[in-house]
């Protein structure tokens, strides 16, 4: 009996499905003009799009859509590995073995004799191991192209992993209030206009950064929170548009008081 045959039936099905996708990728790369033309660069923006589509499905709690989007992303991962294998750079086995070795080395509390009883200890060990592997800064692993809100969260998480963080939640909130006050001081109290727009922008950035910090301290993800608010606003605004059309009106011809009636109705459904 081979090692494959000794595995539980569902694991055998998983491996067979993975092998099937690898085979299809080989066939498409050889026979399909579009697939044959693709490069690492040409796939990049498509992968980003697929990742956002997965994010949307997760926020909507749509499990069938999540399964579909995971399949799309898995295809992209195999596609990249296939392209790289054609030049001898690496293949899917190298990719998978690489992440396996990384996970083992980064979890010495599971595969070694290091103690880590809490999530926080695990994170701190993770960052220290990355430094030992050659990273010059714990912040070096934060991609420069990340959206600013996500980047702020990751920067703060990594700084915490290195032991650089506030001790009490109240200290973080006091910082939020301090930054809010500094931002407010950059505006003319009578006109509401910024005295120095460049400085006002800087202070507003400080406000956002401090709010992200507080969200992290109370275990909220600011990116998720803001995106849920975005989606909620879209649904309410679209309801307003639909009701206006049904009444034969256009938003630009309605007063704020009239629109507020529909807005309050929309809040009952979202």
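Read-outs throughout are calculated quantities, based only on the coordinates presented, and are distinct from any laboratory measurement. Note that the structure is predicted; figures quoted are calculated from it, not measured. All Cβ positions, glycine included, derive from the backbone under ideal geometry; neighbour counts span all protein chains shown.
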Item checked: So residue 88, is it within 17 Å of the chain's Cα centre (by Cα) and exposed (fewer than 15 other Cβ atoms within 10 Å of the Cβ) -> no
Note to self: Just to be sure I understand, how many residues within the range 91-106 are more than 30 Å from residue 23 (Cα to Cα) and more than 23 Å from the chain's Cα centre (by Cα)?
What the structure shows: 1
